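Trainee: Sharing a structure below in structure tokens format, with a few things to ask.
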Amino acid sequence: MANVTLREKFYGCLVGAHVGSAMGAAVEGWSYEEIDAKYGTLEKLLPYHHYNNGWVREPGTTEDGIERQKLMITAIIEKKDRVNAEDVRNIWLRDIKPISAGMVSEPFEATLLAMAKTGIPARDLGKYCDYAGLNSFSRSCHPIGLINAGDEAGAVADVLEVGQLYQTSNSRGLKWACVTGVAIAAATKPNATVDSVLGAIYDHCDKDIVLKELDRELKRTAACKDFQELRASFDSVYSGCGIPYAFSSANEVVTKSVCIFRMVGGNLKDAMVAAVNFGRDVDCITAVSSGISGALTGAGSVPAEWIEQTNHATSINQYTNSQRTIREHADGLYEAYVARYERMKQIYAGMAV
């Protein structure tokens with residue numbers, strides 16, 4: 001970990017999110033028993049379909065959460081700085097393609113986009129989403145953590161700001177999204193460890209709702225030795241079904257993700273494989289656990305062919321918000337971070353006495 005540069009931590013974070021989401025999407029919503037019966041341990045990219053629209057996706061095709069993320073990445077790259085809800089809304093209006101509705105976005109996102117076109121304040125849009133506890137932002141806010149690399153408090157502020165595009169400012173969904181943002185911002189530090197990342201979560205995230213649940217589950221699962229044991233340990237805790245997005249509450253997804261990250265010691269490939277085989281909302285669990293792991297240890301453990309196939313699938317995806325490669329996304333974010341850092345140094349130099 002000591003030899004992983006900041007640039008490679010940015011890349012590892014996005015490799016974890018993009019490749020992991022694509023691998024998990026093929027078995028999203030399955031139980032882990034179903035995954036076991038069909039694949040044993042799933043460790044490859046597969047074709048899949050979503051939304052019953054007839055489109056069979058190329059292996060490596062990313063899904064709605066990564067499309068959400070790409071819009072934030074573009075806003076940050078163009079501003080070369082931290083972004084607010086209005087910045088990201090402007091990218092929505094420019095870059096989301098009319099043909100993409102129902103192909104790479106959830107139904108509620110079409111409603112939010114329609115309202116975004118009316119000119120109401122961007123921070124008000126999330127008030128009109130029915131799913132205040134959903135993981136829609138906690139599984140996609142990785143760019144917010146990266147542009148705030150090393151600044152956990154800044155990551156919290158920006159998650160609560162930009163997240164209002166999807167959820168209300170005081171929602172549980174955004175409180176849990178802060179865990180993702182803080183963990184990624186902390187993992188990018190030069191001497192970061194699994195323990196220091198967990199410590200940052202405890203220092204900066206909501207203590208009344210988030211930390212009580214997260215602490216309980218970290219302690220309860222501390223003795224789990226592999227992902228099979230870990231996933232089974234959650235059966236009696238998270239078992240919602242029968243309602244829209246029953247598998248996709250932010251508290252379930254983020255808690256499982258942090259426990260996976262801790263169990264695998266931040267190894268990116270191990271986090272990805274564990275999460276993909278976890279059952280329930282596996283693409284989101286993989287995006288979070290692998291994004292945090294990649295920000296800590298980089299992408300070196302991930303087979304090159306997984307990354308190449310994900311980039312290929314993006315290059316032929318006519319519905320995506322951006323056809324940049326994962327490296328292009330990561331380097332754009334890194335360059336934005338450096339530009340922001342240089343501006344701050346100049347400001348400080350001008351103020352020093």
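Trainee: Modelling each spin label as a point 7 Å along the Cα-to-Cβ direction, I'd like the Met115/Tyr51 distance in nm, to one decimal.
Mentor: With each label point 7 Å from Cα toward Cβ, the separation is 1.9 nm.
Trainee: Provide the net charge surrounding Asp283, with neighbours chosen by a C-beta distance below 14 Å and charges set as Lys +1, Arg +1, Asp -1, Glu -1.
Mentor: Spelling it out: positives minus negatives among the neighbours equals -2.
Trainee: What spacing in nm lies between the two simple spin-label points modelled at Glu86 and Asp226, each 7 Å away from Cα in the Cβ direction?
Mentor: For the pair Glu86/Asp226, the computed spacing is 5.4 nm.
Trainee: From a point 7 Å beyond the Cα of Cys241 in the direction of its Cβ, which residues of segment 1-30 have a backbone N at a distance under 14 Å?
Mentor: Hits in segment 1-30 for Cys241 at 14 Å: 29-30.
Trainee: Here's something else I'd like to know. Who wins for biggest fluctuation among Asp226, Asp206, Asp87 in a Gaussian network model of the chain, springs between alpha carbons below 10 Å?
Mentor: Asp226
Trainee: Rounded if a/c is under 1.5, else prolate if a/b beats b/c, else oblate: with a ≥ b ≥ c from the C-alpha gyration tensor eigenvalues square-rooted, which is segment 1-154?
Mentor: Oblate shape, in that a/c is at least 1.5 and b/c is the bigger or equal ratio.
Trainee: So if I take the centroid of the Cα atoms in segment 1-45 and the same for segment 203-265, what is the distance between those two points in Å?
Mentor: Taking the Cα centre of segment 203-265 as reference, the centre of segment 1-45 is 17 Å away.
Trainee: OK, next. At most 13 other Cβ atoms within 10 Å and a DSSP loop assignment: could you name the trypsin sites (Lys or Arg not before Pro) in segment 179-245 that fit?
Mentor: Lys207, Lys225
Trainee: Please give me the summed charge of the neighbours of Glu342: other residues whose Cβ is under 14 Å from its Cβ, Lys and Arg +1, Asp and Glu -1.
Mentor: Once positives and negatives cancel, what remains is +2.
Trainee: What FRET efficiency comes out for the pair Ser169/Tyr341, r = Cβ-Cβ distance, R0 = 25 Å, nearest 0.05?
Mentor: 0.35
Trainee: Right, another one. Sticking with the crude label model, points 7 Å out along Cα→Cβ, report the distance from Ile99 to Glu43 in nm, one decimal please.
Mentor: 3.8
Trainee: So which helices of the chain fit the span-like rule, where a helix is a whole DSSP H run, its Cα atoms reach 27 Å or more along the axis, and its mean Kyte-Doolittle is at least 0.0?
Mentor: Counting only whole DSSP H runs, the qualifying helices are 6-25.
Trainee: If you don't mind, another one. Mind jotting down the distance between the C-alpha centroids of segment 46-65 and segment 147-201, whole Å?
Mentor: Cα centres, segment 147-201 to segment 46-65: 29 Å.
Trainee: Another question about this same structure. Compare the peptides 15-27, 306-318, 162-174 by average per-residue count of other Cβ atoms within 10 angstrom and give them in order, highest first.
Mentor: In descending order of packing, they fall as 15-27, 162-174, 306-318.
Trainee: Using the Cβ atoms and a cut-off under 10 Å, what net charge is assigned to the surroundings of Cys141, where Lys and Arg are +1 and Asp and Glu are -1?
Mentor: Spelling it out: positives minus negatives among the neighbours equals +1.
Trainee: Rounded if a/c is under 1.5, else prolate if a/b beats b/c, else oblate: with a ≥ b ≥ c from the C-alpha gyration tensor eigenvalues square-rooted, which is segment 6-351?
Mentor: Verdict is rounded for segment 6-351.
Every number here is computed from the coordinates shown, using simple stated rules; none is lab data. Computed from a predicted model, the values in this text were never measured in an experiment. Glycine gets a Cβ as well: all are built from the backbone with ideal geometry, and neighbour counts include every protein chain shown.
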